[in-house]
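Structure first, then comments.
The values are calculated or read from the model by the stated rules, or taken from the named source; none is laboratory data. Just so it is clear, the model here is predicted, and its values are computed rather than measured. Cβ placement follows ideal geometry from the backbone for every residue including glycine, while neighbour counts extend to all protein chains displayed. To get the accessible areas, we keep the full protein, side chains included, count just its heavy atoms, and leave off ligands, DNA and RNA. Shrake-Rupley method; radii C 1.70, N 1.55, O 1.52, S 1.80 Å.
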Amino acid sequence: MRVITTRQEMAQACRQTARPLGLVPTMGALHAGHLELVRRAREDNSTVAVTIFINPTQFGPKEDLGKYPRALEQDLALLRPLSVDLVYAPSVEQVYPSGFDTWVDPGKVAVRLEGACRPGHFRGVATVVTKLFTLIRPDRAYFGQKDGQQCLVVRQLARDLDLGVDVVVLPTVREHDGLAMSSRNAYLTPDQRWAAPVVYRALCRAEQLWREGERDAETLRQVARAELESEPLVEAIDYVSVADADTLEELDAIQGKAMASVAVSLGRTRLIDNVILG
Ligand code: AMP
């Protein structure tokens with residue numbers, strides 16, 4: 001496993017390596033959700049590259065960039081047994097050298113939900129993903145359904161900008177109590193961690209009703225919201241959405257595939273999760 005920190009060296013390593021190349025972009029503090037993406041990339045490709053980069057441009061000014069967990073040595077120890085070939089862990093200066101001034105501005109699919117709550121977030125995501133795809137030129141890139149809207153944004157940008165990358169989306173990996181694994185779960189106090197499964201429970205309530213045949217999206221949003229509101233440690237509900245799974249337009253009646261998604265704050269920790277209906 002080669003650990004690379006400069007863009008020149010990474011570009012050269014990727015040019016010389018065996019194809020197909022599978023890329024797993026991460027911000028580090030790796031958990032079982034990330035490792036599933038790496039395992040799948042290993043199965044599918046001759047070369048596996050993992051990037052570990054806390055991308056400052058996708059954090060808002062009041063967000064958790066400063067305290068985001070950093071655990072490079074531990075991350076490398078988790079990746080070694082998975083036979084990863086290349087790890088790219090650049091500094092901010094490597095990715096955004098002084099004078100950097102070009103952005104990738106994603107369209108409609110980035111406007112709602114996380115895009116509305118976190119202005120500029122998807123511009124930062126789209127920009128860094130485009131830069132990583134351009135530098136590494138992967139054949140496939142692996143993303144988690146946990147960040148459902150991000151998957152749609154990345155798919156769209158890969159298509160629109162002719163990046164020639166096959167975007168593979170894998171299911172959300174969960175703790176035993178249903179909480180979606182996330183590097184941010186480390187922020188939760190023991191009480192909040194105890195309460196946090198309410199997020200998935202709310203989505204499961206909606207999914208259960210949907211399975212029973214309910215197709216009125218507002219009814220599903222209401223049961224999910226009621227479940228979230230039943231937990232006193234949920235301090236804010238940013239959204240409860242039942243939207244078209246491709247466009248993320250909020251639905252009235254569910255006909256095709258839908259994505260039910262929620263974003264809440266437990267104290268100062270913001271949690272997001274989603275399930276696909278259909
Ligand atoms: P992050 O390090 O949070 O930027 O995540 C890197 C990649 O791992 C993204 O594609 C995430 O969607 C994915 N990911 C994060 N958490 C999970 C999870 N619990 N299950 C599956 N994929 C995940």
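Numbers at a glance
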read-out: Test: residue in the stretch 80-88 that is in contact with a His (Cβ under 8 Å, 6 or more places away or on another chain) and assigned by TED's automatic domain parsing to the domain that holds residue 132; value: no
read-out: Search result, residues across the stretch 129-149 that are within 16 Å of the ligand (Cβ to nearest atom) and either within 23 Å of residue 7 (Cβ to Cβ) or part of a loop (DSSP other than H, G, I, E, B) (or both); value: 129, 130, 131, 132, 133, 136, 138, 140, 141, 142, 143
read-out: Residue match in the stretch 41-61 (condition: over 19 Å from residue 166 (Cβ atoms) and either of a type in the set (D, E, K, R) or without any contact (Cβ under 8 Å) to a residue 12 or more places away in the chain (or both)); value: yes
read-out: Selected residue (criterion: nearest to the ligand (Cβ to nearest atom)) from residues of the stretch 166-178 that are touching a residue at least 40 places away in the same chain (Cβ under 8 Å) and among the aliphatic types (A, V, I, L, M); value: 173
read-out: Spans of strands (runs of 3 or more DSSP E) in the stretch 1-63 with at least 3 residues open to solvent by less than 40 Å² (accessible area, probe 1.4 Å), near the ligand (Cβ under 9 Å from one of its atoms) and at pLDDT 95 or above; value: 21-26
read-out: Where a residue in the stretch 1-20 is farther than 17 Å from residue 45 by Cα and of a type in the set (A, V, I, L, M, F, W, C) and its partner, wherever it lies, is assigned to a loop (DSSP other than H, G, I, E, B) and open to solvent by 80 Å² or more (accessible area, probe 1.4 Å), with Cβ under 9 Å and at least six apart; value: 11/137
read-out: Candidates 126, 158 - the one that is hydrophobic (A, V, I, L, M, F, W, C), in a helix (DSSP H, G or I), over 30 Å from residue 196 (Cβ atoms) and within 16 Å of the ligand (Cβ to nearest atom); value: 158
read-out: Scan of the stretch 180-192 for residues that are out of contact with any Leu (no Cβ under 9 Å at 6 or more places or on another chain) and exposed (fewer than 14 other Cβ atoms within 10 Å of the Cβ), ordered by number; value: 190
read-out: Search result, residues across the stretch 84-101 that are in a loop (DSSP other than H, G, I, E, B) and at negative phi; value: 84, 85, 89, 90, 91, 96, 97, 98, 100, 101
read-out: In the stretch 1-45, the residues that are basic (Lys, Arg), under 20 Å from residue 173 (Cβ atoms) and out of contact with any strand residue (DSSP E or B) (no Cβ under 8 Å at 6 or more places or on another chain); value: 39
read-out: Residue satisfying all of: in the stretch 102-123; surrounded by fewer than 18 Cβ atoms within 10 Å (Cβ to Cβ), part of a helix (DSSP H, G or I) and of a type outside the set (D, E, K, R); farthest from the ligand (Cβ to nearest atom) among these; value: 116
